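To start, the structure itself, in structure tokens.
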Amino acid sequence: MGDLKTAERTFLGVWVSSRCAAIVVVLLAGALGWLGLGQTIRESDQASLLLGALNLSRDWQPSGAGLYNYENQWFTYWILCGFGRLFDLLSDGGVEQFVGFFNTVALVICWGGVSAAVVFAAGRSWAGLAVASGVFLSPVWLMSLPLLSSNVISAGFLGLWIVAMEMGKGREGKLGWGIAVVSGALAFCAVGCRVDAAFVLPAWAVAWWGLGRGWVGMLRENRLWLSVVGAVAAVVIGRLLSAEASGSWSPFFHWKTFAGFTVFGLGGVAFWFVALFVMGIVGLVGRGSGRRDTWLKLVWVALLLFPVVFYARVLFSPRHFLTGALVVTLSGCFAGAEVMWANIFRSKARWLMFAGWASLVLPLVVGVRLQSLSAGKLTLGADATEFPTTDGNWVMGGYVHFLRRLSSASIRPIDHNQRVWGAWCRVPADAVGDESFNVVSAGLSSYGRLWATWHKKALQRDGGGLASRISDGEMVLFDDRSLTKKRMFSTRGKNNEPAPLSAVRNLSGASIVGEFQSARILKGGRDSSSTEGGELLARSGAISGLVKGNGMLFEPAAEWTKLLPRSSDEYIWIVVDVLGGEVGDPDWGEAREFNGVRYQVWEGSKPPNFVESISTMSAWVARSELPRFFNVSNY
């Protein structure tokens, strides 16, 4: 009897201490998320969600006509619509406050749901907590939590689904059925918010059922089959509601990109995938009656890996690894998987788990500083190298420092997303009067559409069109960054090919209506006789063949110091005189001629020395956004 009481006290002590540790962990996670929270727009998908929230809150249309990717995230739009109406009731702020409000909404939903799963489910044991809490330190979580996205909102509902499933174990009768219905509703919400959530449910269902049990009886559990019904219903409703299907990306795979995004996206969580495989293979090659269970565990590991494998073929950004990070770490919340993780911590593979944790904790303050793509060194976070993705610049470690920068990126931009959006925010509402117009952009049309919708301006057509389709006399607003992209003017060719110079010159009457941190919004088309934007347009056309896909920052030569970078890395510099001149001018050194203008390309931490003495207003200076070893024309 005494041994039983001692065991009960020991269990209670472990339960209380691990639960308290879980509370501390989620509070620290919330603090990190709050550190990066601000009025920041990070990528065009985020602007599309905000645009949908604004449209639906003003004119409710369940079909979501014209909304981006509506069939795959329709319930996110509905949730944001409700909060959009709440924003109208509680605030009279501008569009930047609108952005910050929805970033906060996404953070609260995601952090609240996942934290509930970690505290109430993973907090029962140290092994489960050690695995589940790793999600809070994965780079993809840190970079995603402070920003609005359908993945983030869906993750919150997935966390609540875990709580319902685990808390409902052993419940029978009306209470058991009630919890089962709640589980199905939460699965419905998660998949409705983002259809990718369906990728995690099979692996988690197995973890909930128990890795050591046969799987035949799983679907007799009402919580599981109601969750299946809820997930399928969310997918079907999305297809029925949407008037038109969103386009899909052509698959591709680049192993260097995959490796880099794995290291700086999944981070140390990647070690845990390896640990699971090691344990599975060790069990498989062993002898005894447990080999059947080992095969089942390997199938479970394959289910865990499925989200990572799926996105590896369309990996445009480390953000796409969020589902992969969630599925493996939050599997530690399920009692059915605790034994598996506990065995790993007791085996030799535990060093992989410890290595994973070290790879999650150290990058919070330590980063990698590259001198080239093949040479680098460890450094403190402020000096960590940024690298390009379709969602803007990510960073190689030093995440605490980067989160602080992210919170103020609307004032001090990190990449072109904040610069272009900041320029749109500085376009006065009366810049177009009451006339209708079109927004034209190579990839960032949702920013202009959001600005136009906020100010209740009439767009001539939904979505950003190509300049080649703009009819004569039609008013257009466009960002100058797009002028070096061929996709701005033609449906043929890649986005990193130069724009046709003739097409650029056709817009030479445009005027600058908004400007922020080397990004400009121009108005052209109807009755455009201004020469204000002429030099800017000529500059873009002149160097469009030299940029070759690299993001560039432009300033007049007299203001070139605005382009000085934060780091001492070498960048690509281009100096161009849009009005031409003598190529042999000694002040210009080894100048060349292109498209009828002279230019000079330079690689270094500063532009050529002669720039300081340039007095002509027709000269412009450009600097690549990222160091020269990220020159995309090399790939």
| Which pairs, out of Lys457/Lys562; Lys256/Lys562; Lys457/Lys548; Lys377/Lys562; Lys256/Lys523; Lys523/Lys548, put more than 30 Å between their alpha-carbon atoms? | Lys457/Lys562; Lys256/Lys562; Lys457/Lys548; Lys256/Lys523
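With a cut-off of 8 Å between alpha carbons and a minimum separation of six or more residues, what is the relative contact order of the range 318-457 in percent? Intermediate values should be presented prior to the final figure.
On the way: 113 pairs, mean separation 17.8, N = 140.
Relative CO of the range 318-457 lands at 13 percent.
Skip the ligands, DNA and RNA, and give the accessible area per residue of the range 117-222 with a 1.4 Å probe, whole Å². Mind showing how you got there, number by number?
Details: 3180 Å² over 106 residues.
Accessible surface, normalised per residue, equals 30 Å².
Run the numbers for Leu27 and Arg412: contour at 0.36 nm per residue of separation, minus the present Cα-Cα distance, in nm.
Values: separation 385, 0.36 × 385 = 138.60 nm, distance 2.78 nm.
That works out to 135.8 nm of additional length.
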| query | Is the shape of the range 27-80 best called rounded, prolate or oblate, per the rule: a/c under 1.5 gives rounded, else a/b larger than b/c gives prolate, else oblate, with a ≥ b ≥ c the square roots of the Cα gyration tensor eigenvalues? | reply | prolate
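List the trypsin sites (Lys or Arg not before Pro) within the range 290-354 that fall in a DSSP loop (any state other than H, G, I, E or B) and whose Cβ has at most 13 other Cβ atoms within 10 Å. Before the final figure, lay out the partial values.
Numbers: sites: Arg291, Arg292, Lys297, Arg313, Arg319, Arg346, Lys348, Arg350; in loops: Arg313, Lys348.
Loop-located and lightly packed - Arg313, Lys348.
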| Local electrostatic count at Val235 - Lys and Arg +1, Asp and Glu -1, tallied over other residues with Cβ under 12 Å | 0
| task | Lys and Arg at +1, Asp and Glu at -1: add these up for the other residues within a Cβ distance under 9 Å of Arg628 and post the number. | result | -3
| Other-chain or far-sequence residues with amide H under 5 Å of Glu625's (modelled H) | Gly551, Met552, Leu553
| query | FRET efficiency for Glu593 and Thr390, Cβ-Cβ distance as r, R0 = 30 Å, nearest 0.05? | reply | 0.30
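For every other residue with a beta carbon closer than 9 angstrom to the beta carbon of Asn151, add +1 if it is Lys or Arg and -1 if Asp or Glu, then tell me the sum. Write out the running numbers ahead of the final one.
Working: positive: Arg194, Arg319; negative: Asp196.
So the surrounding residues net to +1.
The values are calculated or read from the model by the stated rules, or taken from the named source; none is laboratory data. These numbers were taken from a predicted model, which means no experiment stands behind them. As a convention, Cβ positions derive from the backbone with ideal geometry for all residues, glycine included, and neighbour counts pool all protein chains shown. Only protein heavy atoms, including side chains, enter the accessible area calculation; ligands, DNA and RNA are left aside. Shrake-Rupley method; radii C 1.70, N 1.55, O 1.52, S 1.80 Å.
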